[in-house]
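Here's the structure we're looking at; comments come further down.
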Amino acid sequence: MNRVGDAKILDGSALAKTIRSEVAEGVARLLAGGGRPPGLAAILVGDHPASAIYVGSKARAAEAAGFNHRTVRFDADTSERELERAIDELNEDDAIDGILVQLPLPDSLRMRPILDRLDPAKDVDGLHAVNTGRLWLSQPGLFPATPIGIVELLDRSQLELEGKRAVIVGRSHLVGKPLAALLLERQATVTLCHSRTRDLQSVTREADLLVAAVGKLALIGPDFVKQGAVVIDVGIHRITEVSEVERLFPGNAARRAAFERNGSVVAGDVDFDRVAPRCSAITPVPGGIGPLTVAMLLANTLTASQRRQGKGGE
Ligand code: NAP
């Protein structure tokens, strides 16, 4: 295991690779048992470049795991009615086990009715109201990939959560809120912080486990972190200014070289170089939670497929 000082670096890329090969083994077992490959369909509305990149990388990962994959594309001016009809068809299609609606949708479309149109058994992003309810009721369902990836990383790193104080900064439906439910399940005492939280530092400094899912570059500095805490960084930011690289990573030759090579570097919500020396364990950006998100989406789709084919997936 890599370390920075006393801090273990929690390697999300390595775990993602393990999970992806476990998923491929699961697909092989499905086929050996007379089943069919899992089928994943992505709905992409408009031509948002980042969304197209995300859908492309999920498609490649799905195909590498042995899934059938389909991307259903719509123009940005598509009506809700058209989108609902496409979702109804995918809901009815027996060869499709998972349906993703790539977010964000154009402003003209309401996200909630579209997400709630999905068959909850095919909602592999875990964003349908029924799956949200099941999560909070501790019932089996399909739950968002990023928070289940975080819990998988903590579990497989043998980081005990029972009785620990967990503080999550960010209360989105995608990350903060579902993660709170999952950490409660693991017997942590959970606090959710947000933009109206007063004296954020005094709350985060209580945390044995601190999760940053804020969307603010390097917001979490060393003064936010208790000595010996475990820190999970969900944020993803692309830095394109050399002055920013020097401010955040002074004297860090590897980051500087990456910047020279690519014209940018990726960093998180945590000021990694200053925070890592205070931690017992920390996730890097890149190579932490990002790769786990795609791996857990594949795991969700395999689970949905196993359940729909009556071949496990409890
Ligand atoms: P989001 O929907 O924008 O939510 C951000 C949350 O942070 C909100 O709850 C907001 O509070 C809170 N917040 C904003 N500024 C704050 C401040 N100064 N102090 C305290 N709280 C503050 O973001 P998200 O979708 O959860 O994503 C968060 C970050 O994770 C982004 O950088 C995103 O790119 C990244 N992300 C990464 C992955 C991955 O695979 N690694 C997956 C999803 C997201 P309010 O609720 O009060 O507005």
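The values are calculated or read from the model by the stated rules, or taken from the named source; none is laboratory data. Computed from a predicted structure; not experimentally measured. No Cβ is skipped: glycine too gets one built from the backbone with ideal geometry, and neighbour counts run over all protein chains shown. Ligands, DNA and RNA are stripped out before the accessible areas are found, and what is left, the full protein with its side chains, is counted by its heavy atoms. Shrake-Rupley method; radii C 1.70, N 1.55, O 1.52, S 1.80 Å.
Only one of these conditions is not met by Phe249: (1) aromatic (Phe, Trp, Tyr); (2) within 15 Å of the ligand (Cβ to nearest atom); (3) over 22 Å from the mean Cα position of the chain (by Cα). Which number is it?
Every listed condition holds for Phe249 apart from (2).
Can you tell me which condition Val234 does not meet? The list is (1) within 14 Å of the ligand (Cβ to nearest atom); (2) under 18 Å from Arg171 (Cα atoms); (3) of a type in the set (A, V, I, L, M, F, W, C); (4) open to solvent by less than 20 Å² (accessible area, probe 1.4 Å), and all the others hold.
Only one criterion is unmet by Val234, namely (4).
Checking Arg117 against (1) in a helix (DSSP H, G or I); (2) charged (D, E, K, R); (3) in contact with a helix residue (DSSP H, G or I) (Cβ under 6 Å, 6 or more places away or on another chain), only one condition comes out false. Which one?
The one condition Arg117 does not meet is (1).
Looking at the range 176-205, I want the residues that are closer than 13 Å to Trp136 by Cα and have a partner that is buried (at least 21 other Cβ atoms within 10 Å of the Cβ) and among the aromatic types (Phe, Trp, Tyr) with Cβ atoms under 8 Å, at least 6 apart or on another chain. Which pairs are those?
From the range 176-205, the pairs are Pro178/Phe143; Leu182/Phe143.
Being under 15 Å from Ile9 (Cβ atoms) and surrounded by fewer than 21 Cβ atoms within 10 Å (Cβ to Cβ) narrows it down to one residue among Ser202, Ser195, Ser280, Ser243; which is it?
None of the other options fit; the residue is Ser280.
Looking only at the range 281-314, count how many residues are away from the ligand (no atom under 15 Å from the Cβ) and touching an Asp or Glu at 6+ places or on another chain (Cβ under 7 Å).
4
Do you know which residues across the range 18-36 are touching a residue at least 40 places away in the same chain (Cβ under 8 Å) and assigned to a loop (DSSP other than H, G, I, E, B)?
Gly33, Gly35, Arg36
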